[in-house]
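Bear in mind these aren't lab numbers, they're just calculated from the coordinates by the rules spelled out. These figures come from a predicted structure and were not determined experimentally. When we count neighbours, we look across all protein chains shown, and the Cβ atoms used for this are built from the backbone with ideal geometry, even at glycine.
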Amino acid sequence: GNSVTQMEGPVTLSEEAFLTINCTYTATGYPSLFWYVQYPGEGLQLLLKATKADDKGSNKGFEATYRKETTSFHLEKGSVQVSDSAVYFCALLGGSEKLVFGKGTKLTVNP
Amino acid sequence: NAGVTQTPKFRVLKTGQSMTLLCAQDMNHEYMYWYRQDPGMGLRLIHYSVGEGTTAKGEVPDGYNVSRLKKQNFLLGLESAAPSQTSVYFCASETLSGSPRDEQFFGPGTRLTVL
C-alpha cells in the first residue's frame, strides 16, 4: 500500500533561517501530494499541493516539488518567521486509496 | 461557506458512556472521513464514506460506529467509551474529482477525554 516517510522533529530554528522538511513516499501510479499545516489548537489546513511529476506547489513562501525519480516532496522555505511555528504533515492521495499522512514534524521558530 | 464544522469542540466522558460527534459540510462533497490524532501517531483513519448511505472501515475502526444519512452530515458514535479513545478527532471532506485526487478539507477538531 501507499506510505509516507517524513523527517521526524522537532525542528527548532531561528527567525530568517532556511527550512527543509524531508518527505519521501511509496505509491503505485501517480498520486497527488500535499503538505498540511496545523497551528497550535487548530485543525489541519492545506499549505500546498502538487498533482503530477515536476509540479511545484507554493504558498506563503513555502515550496515543494513533486520528484517522481526520487519519490520525494520536500518542503522548503527560505526565511522562516515565528508565525510559521506549527506541525507540518506530508500526505499522499492516490486512486481509491485513502489519504496517507506522515507522522508530522513540529517546527518551532525562535525570535 | 462555513466549510467543515464539528460539534462539540470539547467533551469529557466517563468510561462506559456513549456519545456522538457530528460533522457537517456545506461544500456538497461526496467523500467524508473521520480521523483521530494522537501524539507521535499522526492522523489515523477511523471510518469513511464515499456517499450518502455508505460507510466503510478505515485503519482503526474498533469501538466506533458511523452513519451518513444525509450527504452533508457524517456522525461518529462511541457506544461505550474507553480511556484509549481519548484523542482529538478530525472530520474531513473531499469532492469527487476523479484523477488526480484533490485536497481534503478538515474541520477544527473535537478534543475528547475519557476518564
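Quick one: if the Förster radius is 22 Å, what FRET efficiency do A:Glu76 and B:Met41 give, using the C-beta to C-beta distance and rounding to 0.05?
The pair A:Glu76/B:Met41 has a calculated efficiency of 0.30.
Where the only charges are on Cβ atoms (+1 Lys, Arg; -1 Asp, Glu), what is the dipole of chain A about its Cα centre, to the nearest 20 debye?
Here the size comes out at about 280 debye.
Which whole-Hz ³J(HN,Hα) couplings does the range B:49-65 yield from phi under the Karplus relation 6.51 cos²θ - 1.76 cosθ + 1.60, θ = phi - 60°, glycine and proline marked x?
9, 9, x, 3, x, 10, 9, 8, 7, x, 7, 10, x, 5, x, 10, 10
Please order B:Arg101, B:Arg68, B:Arg44 by the number of other Cβ within 10 Å, starting at the fewest.
B:Arg44, B:Arg68, B:Arg101
Using a 10 Å cut-off around each Cβ, can you sort A:Lys56, A:Lys49 from fewest to most neighbouring Cβ atoms?
Lowest count first: A:Lys56, A:Lys49.
Among B:Leu76, A:Leu33, which comes first, then next, by fewest other beta-carbon atoms within 10 Å?
Least to most surrounded, the residues fall as B:Leu76, A:Leu33.
Counting only Cα atoms, I'd like the Rg/Rh figure for the protein assembly as shown, Kirkwood definition for Rh.
Value, to two decimals: 0.97.
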